[in-house]
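The block underneath contains the structure these notes are about, expressed in structure tokens.
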Amino acid sequence: MIQPSIPDKYNPQAIEERWQSEWSKKDIYRTPEPKQGQKCFYALSMFPYPSGTLHMGHVRNYVITDVIARVQRLHGKAVLHPMGWDAFGLPAENAAIDRGVDPGEWTDKNISQMRKQLSRLGLSIDWNKEFATCHSDYYRWTQYLFLELYNSGLAYQKESNVNWDPIDQTVLANEQVDNEGKSWRSGALVEKRKLKQWFLKITDYADELLKDLEKLKDWPEKVIAMQSNWIGKSHGVEIDFKLSNDSSHSITIFTTRPDTLPGAVYLALAPENQELDKFLDKKIMTNINVLRTEVSKLNQKERSSESRSKKGIFSGLYAINPLTEETVEIWYADYVLQEYGTGAVMGVPAHDDRDYSFAVNYELPITVVIEGCNTENVDIKKLPITEEGYLINSNELNGLTSKEAFIQIVEKGKSGQWARKTTQYKLRDWLISRQRYWGCPIPIINCKDCGPVSVKSESLPVLLPKIEKNGANVISSLKNNRNWLKTICPKCGKSAVRESDTMDTFMCSSWYFLRFADANNRDRPFTKKEIDQWLPVDQYVGGIEHAILHLLYARFFTKALRDRNLITTTEPFLKLLTQGMVQGTTYKNPKTGKYIRNEDVHDKNVPIDPITGDKLETIFEKMSKSKFNGVDPSTVVDKYGADTARMFVLFKAPPEKDLEWEDADVEGQYRFLQRIWRLSKTLSKRVDIKGTEFPTKSYKFDKSKLNQAEKEIYIAVHKAILEINDDFKDQLQLNTAISELMKLTKTLIEHIDQAGIDIAVFAIRDLLKLLSPFAPHISEELWYLFGAKNSIHLESWPIHDQEAHKKDDYTLVIQINGKVRGSIVVKNDISKTEIEKTAIESDISKKWMDNKEPKRIIVIPGKLVNIVC
């Protein structure tokens, strides 16, 4: 007999690096070529920006995805689980400026460092698929796909009022400006500038992007709602108001409430709206230009706020209300947005909050045309009345409901050719131009004779030039690199200049998931065959902060490339999991608002500000350097091992919830893995590993002859399999899956000494298989120590025995005259007659029947017996 040589002590540092090296050497996580009939599974985490340092948010994201990928492999599927780097963008450029190095060198160094950090976590990543978006062998294909969009009319250039980040000195897409009008990255208040920029026609897909949200059954409701609100579809009516002094010219407004048209007493145009400039008096024009300058410094939220004082200028012009034929003033108002609708609204102060505020401020007339509402108790003296109701002061429309008036006004407008139904979207075309160096060059050549000309595909990639510096701590944008700009027009052969803008980094991340399916293809970005095989992504994992930006752009890109016949996929991501944040213990002075370093707080029970002496708040907040509450993953791995770190981030909270980091809970997971190690050590003394006995031996035992301890073990194993299987269905519950592993381990520790060797080894074998996706190193180590020849990660997932949970007996409820009086345990195969006899003779019945004879006995087998006295 040869016993497994399992050391007494669990030492993760001694085993984890060795197994990581072994897995890498054997390349066991390489994406396989699917066999005939084999199902495929694509597991993907949102790829990281290579900052150089892994944080706990990264750890949680990648470990969640890794567990999913490992389970799917064990279920026999061909799994694609890749990793790459979202490497272009301002952080790298700014870091390079600060350090005086090339952004490419800085980025590659960070990638190398982060790859090592990720490898320490034991992730089952196929590194053969790795790429970085800043490398020319990737951005060559970003340029290629841009030209596909350009040639289909989806990419265009125009002069437009754009969002300008004064700190990062570049434009931003609308989606990159937050609700407070600040840059998503620098935090600067965004300004408006008029520049010639490149856009993608995402609005061409607005309706499809909205409708197809219904197909995404396995996306979080919050993300669906956020995208739906951002697209912002609204059904309404366009109405033409002719100028009173020039009936050949009309102002078109958009409204969702045409029933209030009788109460329209003025028109308001966005200050940026220039369609009436030719009619304006010079003095008024000067004032309007001042207003335009002022609103360029306001963000959308400020301009749309109902509480802010509204500012406007009377144009000196008038229009005709097409329904009432009354004259109304035309104003320019800062609360009207050029980007929404037509850039003009009708002012109905009696029935709109912002119109009311504006009218009161400028003493404009207010006409009430709606009274009452569905709730029948609106005070019409309390303006504005924004609910629907019944029309008044509206001539022949009086008495109609808002809905009835809507229909009649639209019909009248259609016949008079001054109104028509239409649909509007808040979504605007995607601005992709950036005025910085470190990005993907736009493959367009500007020729004086030919205009914009696309670079030929065989001439791609258009490479970034070597850095030229204008002075200390500055990297020139491409427009300052004259040598790089000079080129030849591909169409006419004359001198021309390259496009100097680079692309928004979200261009690179809007198709990267497609490249992973065919990452080593040197001739095309991907083939339709590989995309059809792997896409859509089965499970996508990332942060909720990407709900609009990345996820919306990726959906648009997928649909646009489908229409170019490059792919057949309509939606890129089948299931989406937005993992919660990792929060750390944070000490904050409530008086000053300052955060205090953890090491400066000497008494954690009564935390005091070491400088002011103020009592500190102890709270959990998202880990960040500025709050001094971060935990370096490498310190946790060094102390406890990667398996413990993995188990903690998976067990502490459900994947979609925020996780509160506490050292005591990390210790708890370390102790749990130690218990599994000691359990294995105990069992190893009874196991013969001679030959290939473990785990390939078929451990058979007669279930009918199991002793009580063995029954408990058998039931516990299959209950764990059942429950963990359920935890991977529909809503992922990795924390409860680990709870089941703990329950199973506890049962084995309690009963394994009373169990025969066959069932004991069967139990430890399935425990290690169930544990392996969560803690891959300790599982692999014990697997081999028990004598296995092949990796546990290439094994099969345990099969659940449905019969395992069936007991020989059940609990029978006893009722006397319909009231529950107790219960007894009876055999499964007991007959109806025996149930009656046993129930009558039970102590419960004797007590409550009080020597009375039963009139009737009602038996529901498997559940209850009711004795009627």
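The values are calculated or read from the model by the stated rules, or taken from the named source; none is laboratory data. Quick caveat: nothing in here was measured; it's all calculated off a predicted structure. Here the Cβ is made from the backbone with ideal geometry for all residues, glycine too, and neighbour counts use every protein chain on show. Remember, those area values only see protein heavy atoms, side chains included, never the ligands or the DNA or RNA. Shrake-Rupley method; radii C 1.70, N 1.55, O 1.52, S 1.80 Å.
Checked against the criterion of being open to solvent by 20 Å² or more (accessible area, probe 1.4 Å), over 22 Å from the mean Cα position of the chain (by Cα), farther than 24 Å from ASP204 by Cα and not polar (S, T, N, Q), the candidates ARG562, ARG524 yield just one match: ARG524.
Given ILE824, ILE840, ILE867, which one is open to solvent by less than 40 Å² (accessible area, probe 1.4 Å) and either in contact (Cβ under 8 Å) with a residue 24 or more places away in the chain or not in a strand (DSSP E or B) (or both)? After ruling out the rest, the residue left standing is ILE867.
Mind telling me which of the residues LEU267, LEU200 ends up being under 23 Å from the mean Cα position of the chain (by Cα), of a type outside the set (Phe, Trp, Tyr) and at pLDDT 95 or above? Walk me through how you get there before you give the answer.
Working: LEU267 fails: under 23 Å from the mean Cα position of the chain (by Cα).
Every option except LEU200 fails the conditions.
The set of residues in the range 170-193 being over 16 Å from LEU298 (Cβ atoms) and at pLDDT 75 or above consists of THR170, VAL171, SER186, GLY187.
Here is a yes/no grid of residues against (1) under 30 Å from SER305 (Cα atoms); (2) part of a helix (DSSP H, G or I); (3) open to solvent by 10 Å² or more (accessible area, probe 1.4 Å):
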position: PRO91; (1), (2), (3): no, yes, yes
position: VAL101; (1), (2), (3): no, no, yes
position: ARG140; (1), (2), (3): no, yes, yes
position: GLN143; (1), (2), (3): no, yes, no
position: GLU159; (1), (2), (3): yes, no, yes
position: ILE167; (1), (2), (3): yes, no, yes
position: LYS196; (1), (2), (3): yes, no, yes
position: PHE199; (1), (2), (3): yes, no, yes
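Output the residue which, of all residues in the range 474-499 that are modelled with pLDDT of 95 or more and hydroxyl-bearing (Ser, Thr, Tyr), is surrounded by the fewest Cβ atoms within 10 Å (Cβ to Cβ). Selected residue: SER495. Tell me, please, whether a residue that is assigned to a strand (DSSP E or B), at pLDDT 95 or above, among the β-branched types (Val, Ile, Thr) and open to solvent by less than 10 Å² (accessible area, probe 1.4 Å) can be found in the range 215-225. The answer is no; no qualifying residue exists. All conditions in (1) over 26 Å from ALA419 (Cα atoms); (2) open to solvent by less than 40 Å² (accessible area, probe 1.4 Å) hold for MET346, with the sole exception of (1).
Would the range 508-520 turn up any residue that is under 19 Å from PHE131 (Cβ atoms), of a type in the set (Gly, Ala, Ser) and touching a His at 6+ places or on another chain (Cβ under 6 Å)?
The answer is yes; a qualifying residue exists.
Here the range 18-55 is the region considered, the condition is being free of Cβ contacts under 8 Å to residues at least 24 places away in the same chain and not polar (S, T, N, Q), and the residue that is least open to solvent (accessible area, probe 1.4 Å) is GLU22. Applying the condition of being more than 22 Å from GLU545 (Cβ to Cβ) and among the hydrophobic types (A, V, I, L, M, F, W, C) to the range 641-656 and asking which residue is most open to solvent (accessible area, probe 1.4 Å) yields PHE651.
Test THR585 against the criterion of being open to solvent by 20 Å² or more (accessible area, probe 1.4 Å) and either at pLDDT 85 or above or not in a strand (DSSP E or B) (or both), and give yes or no. Spelling it out, it is not the case that THR585 is open to solvent by 20 Å² or more (accessible area, probe 1.4 Å) and either at pLDDT 85 or above or not in a strand (DSSP E or B) (or both). Of the residues making up the range 755-811, those that are assigned to a loop (DSSP other than H, G, I, E, B) and within 36 Å of the chain's Cα centre (by Cα) are SER772, PRO773, PHE774, ALA775, SER791, GLU795, SER796, TRP797, PRO798, ILE799, HIS800.
Conditions tested, residue by residue: (1) of a type in the set (D, E, K, R); (2) within 25 Å of ASN605 (Cα to Cα); (3) touching a Cys at 6+ places or on another chain (Cβ under 8 Å).
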residue	(1), (2), (3)
SER624	no, yes, no
THR644	no, no, no
GLU656	yes, no, no
GLU667	yes, yes, no
PHE672	no, no, no
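Could you go through the range 526-540 and let me know if any residue there is of a type in the set (Phe, Trp, Tyr) and part of a loop (DSSP other than H, G, I, E, B). Looking for residues that are of a type in the set (Phe, Trp, Tyr) and part of a loop (DSSP other than H, G, I, E, B), one finds at least one in the range 526-540, hence yes. Within the set LEU732, LEU741, the sole residue that is touching a strand residue (DSSP E or B) at 6+ places or on another chain (Cβ under 9 Å), of a type outside the set (S, T, N, Q), under 25 Å from LEU74 (Cα atoms) and surrounded by 14 or more Cβ atoms within 10 Å (Cβ to Cβ) turns out to be LEU732. Can we say GLY818 is more than 30 Å from VAL666 (Cα to Cα), out of contact with any His (no Cβ under 7 Å at 6 or more places or on another chain), surrounded by 12 or more Cβ atoms within 10 Å (Cβ to Cβ) and at pLDDT below 90? No, not satisfied. Scanning the range 206-249 for residues that are in contact with a Phe, Trp or Tyr (Cβ under 6 Å, 6 or more places away or on another chain) and polar (S, T, N, Q) yields one hit, SER244.
Does the range 120-134 contain any residue that is outside any helix (DSSP H, G or I), more than 27 Å from PHE526 (Cα to Cα), open to solvent by 20 Å² or more (accessible area, probe 1.4 Å) and modelled with pLDDT of 95 or more?
Of all residues in the range 120-134, those outside any helix (DSSP H, G or I) come to 120-126, 130-134.
Still in the running and more than 27 Å from PHE526 (Cα to Cα): 120-122.
When the remaining residues are screened for being open to solvent by 20 Å² or more (accessible area, probe 1.4 Å), the result is 120.
Filter once more, so that each one left must be modelled with pLDDT of 95 or more: 120.
Yes, that holds for at least one residue.
Being over 30 Å from GLU404 (Cβ atoms) and within 43 Å of the chain's Cα centre (by Cα) is a condition met by at least one residue of the range 275-282. All conditions in (1) open to solvent by less than 30 Å² (accessible area, probe 1.4 Å); (2) in contact (Cβ under 8 Å) with a residue 12 or more places away in the chain; (3) assigned to a helix (DSSP H, G or I); (4) of a type outside the set (Lys, Arg) hold for ALA95, with the sole exception of (2).
Among the residues of the range 412-435, is any modelled with pLDDT of 95 or more, of a type in the set (Ser, Thr, Tyr) and assigned to a helix (DSSP H, G or I)? Yes: the range 412-435 contains one or more residues that are modelled with pLDDT of 95 or more, of a type in the set (Ser, Thr, Tyr) and assigned to a helix (DSSP H, G or I). One residue stands out among those in the range 607-640 that are more than 19 Å from ASP663 (Cβ to Cβ) and of a type in the set (Val, Ile, Thr): the one that is surrounded by the most Cβ atoms within 10 Å (Cβ to Cβ), which is ILE608.
Checking the stated criteria, GLY153 turns out to be open to solvent by 30 Å² or more (accessible area, probe 1.4 Å), modelled with pLDDT of 95 or more and outside any helix (DSSP H, G or I).
If only residues of the range 485-505 that are in a strand (DSSP E or B) and of a type in the set (S, T, N, Q) are counted, the one that is farthest from the chain's Cα centre (by Cα) is SER495. Scanning the range 826-865 for residues that are touching a Phe, Trp or Tyr at 6+ places or on another chain (Cβ under 7 Å) and either basic (Lys, Arg) or at pLDDT 85 or above (or both) gives a single hit, VAL826.
Screening the range 105-116 for residues that are touching a residue at least 60 places away in the same chain (Cβ under 8 Å) and crowded, with 18+ Cβ neighbours inside 10 Å and picking the one that is nearest to VAL649 (Cα to Cα) gives MET114.
Go through the range 39-60 and give me each residue that's aliphatic (A, V, I, L, M) and over 14 Å from the mean Cα position of the chain (by Cα). The answer is ALA43, LEU54, MET56, VAL59.
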